[in-house]
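What follows is a set of notes on a single structure, which appears directly below.
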Amino acid sequence: MLIYLNPESTIIRKQLTYFAFVCFISMATVLITGGTGMIGTALTKELISRGYDVLILSRSKKEDKGKISYAQWDVEKQTIDKEAIEKADFIVHLAGANVGEKRWTQKRKKEIVDSRVKSSKLLVENIETIPNKIKAVISASAIGWYKTDPQIPNPKPFVETDTPDDSFLGTTGKLWEESIKPVKDAGVRLVYLRTGIVLSNEGGAFPEFKKPLYFRTATILGNGKQIISWIHIDDLVNLYVYAIENENLSGVYNAVAPEPVSNKTLMQTIGAALNRNYICLKVPEFALKIVLGEMSIEVLKSATVSSSKIEEEGFEFTYKSIEEAVNELVN
């Protein structure tokens, strides 16, 4: 028996569109730079669960594992496996030296900038010269781009059109975003995610925030009033996937939760979630400057960053409040 499906039917059209999308996703390959880091690892897991294949660029040769495959690149030598570019449907660009890992000597600052700019340059040149099917590049950036809050609370949170700070991280962000921008000229959709402080149990700042509380001390940095614009790791991962799957997304978006908090509130929230009695210990600015050097400027910086633009695009945060995020991570 032959069954006729009316292609004019709205329901049938939606079903066919969804079916085509699912079939595409099951075959789509996402190329990730910086794929073995905290964000890259979490993103890889989520992409695989959604049916994507993941291709990770690595400096050393690694053995493929199921839906995860590896390709070699060398940022310093500006070399990359040609097949990696040919296979990719999307690129997520996370590569960059850890900003908080070491003291900011002139040598380290150069490493931080070069790791971002040179890796972008390598991608751009190969996207331009190697035949490919890349539909979008989703590039990491950071809220270090923004200036310091003129007052606390800041009645006008920073938005994507605000000019960059003239600090080291502001300048780094500007160079970082400019270095990947030429992919647009190659006809590739480009999305920047300016990311706040990522809260995760697998690395980053959150484990460091928790440590003193195990000794019943809440460490308040400076006066503790500085605003921290944060995001839960799950929301950040979902935001990368959202940027991949939504063709209407283009340009810069702040990857921060809707409710930024002060340093003091963050520490008190963690203390409450751990259900521990504690005393607040303030670490004065001069002590942070001695220990951290120039990096102390960023630790003490207050930056209230808006999430409105990405929410207006339809993205919904799972963890809007710091209480929700911290309780999930602690429990």
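Expressed as a rounded percentage, what relative contact order does the stretch 106-232 have, with Cα pairs under 8 Å and six or more residues apart?
29
On a 27 Å Cα-Cα criterion, which of the cross-link pairs Lys156/Lys320; Lys65/Lys181; Lys121/Lys211; Lys45/Lys147 come out too long?
Cα-Cα > 27 Å for Lys65/Lys181; Lys121/Lys211; Lys45/Lys147; rest within.
Specify which labelled value, from (i) 42; (ii) 33; (iii) 24, agrees with percent of Cα pairs over 32 Å apart derived from the coordinates of the model shown.
So the structure-derived entry is (ii).
Would you pull out the residues with amide H under 5 Å of Ile220's amide H, same chain only if 5 or more places away, H placed 1.01 Å from N?
Residues meeting the amide H criterion: Leu281, Lys282, Val283.
For a test of the definition: using alpha carbon positions, the gyration tensor, and the 1.5 limit on a/c, classify the stretch 202-247 as rounded, prolate or oblate.
Because a/c hits 1.5 or more and a/b fails to exceed b/c, the stretch 202-247 counts as oblate.
Rounded, prolate or oblate, given the Cα gyration tensor of the stretch 80-119, with a/c below 1.5 counting as rounded?
It is prolate, given that a/c is not under 1.5 and a/b is the larger ratio.
Describe numerically, in nm with one decimal, the distance between label points set 7 Å from Cα along Cα→Cβ at Ile279 and at Gln78.
Modelled inter-label distance: 5.8 nm.
Mind checking Rg over Rh on the stretch 140-220, alpha carbons, Kirkwood formula for Rh?
My calculation of the ratio gives 1.09.
Just to be sure I understand: if I project the alpha-carbon convex hull of the stretch 107-243 onto a plane and average over all orientations, what area do I get in nm²?
Projected area, direction-averaged: 10.9 nm².
Neighbouring Cβ atoms within 10 Å as the yardstick, rank Ile130, Ile290 fewest first.
The fewest-first ordering by Cβ neighbours comes to Ile290, Ile130.
Given 0.36 nm per residue, what is the gain on full extension from Arg103 to Glu324 after removing their alpha carbon distance, in nm?
Computed gain between Arg103 and Glu324 is 76.3 nm.
When the Karplus curve 6.51 cos²θ - 1.76 cosθ + 1.60 is applied with θ = phi - 60°, which whole-Hz ³J(HN,Hα) does each residue of the stretch 159-167 get, with x for Gly and Pro?
With coefficients 6.51, -1.76 and 1.60, one gets 10, 4, 8, 5, 6, x, 5, 8, 6 Hz.
Any idea what the relative contact order of the chain is, in percent, if you count C-alpha pairs under 8 Å spaced at least 6 apart?
Result for the chain is 16 percent.
Highest GNM mean-square fluctuation, the chain, Cα pairs closer than 10 Å: which of Asn275, Asn126, Asn154?
Asn275
Exposure proxy check: Ile244, Ile231 ranked by fewest other beta carbons within 10 Å?
Ile244, Ile231
Run the numbers on the stretch 55-112 and let me know its relative contact order in percent, using alpha-carbon pairs under 8 Å that are six or more apart.
Result for the stretch 55-112 is 21 percent.
Amide H neighbours of Ala255 under 5 Å, counting only residues 5+ apart in sequence or on other chains, H built in-plane at 1.01 Å?
The list, which skips near neighbours in sequence, is Arg194, Thr195, Gly196.
Within the chain, what percent of beta bridges assigned by DSSP are antiparallel, to the nearest 5?
Looking only at bridges with both residues in the chain, the antiparallel portion is about 10 percent.
Taking the chain as a Gaussian network, Cα atoms linked when under 10 Å apart, which of Glu101, Glu46, Glu128 shows the biggest mean-square fluctuation?
Largest GNM mean-square fluctuation: Glu101.
Computed from the coordinates by the stated procedures, all read-outs in this text should not be read as laboratory data. Note that the structure is predicted; figures quoted are calculated from it, not measured. Every residue, glycine as well, gets a Cβ built from its backbone with ideal geometry; the counts of neighbours run over all protein chains shown.
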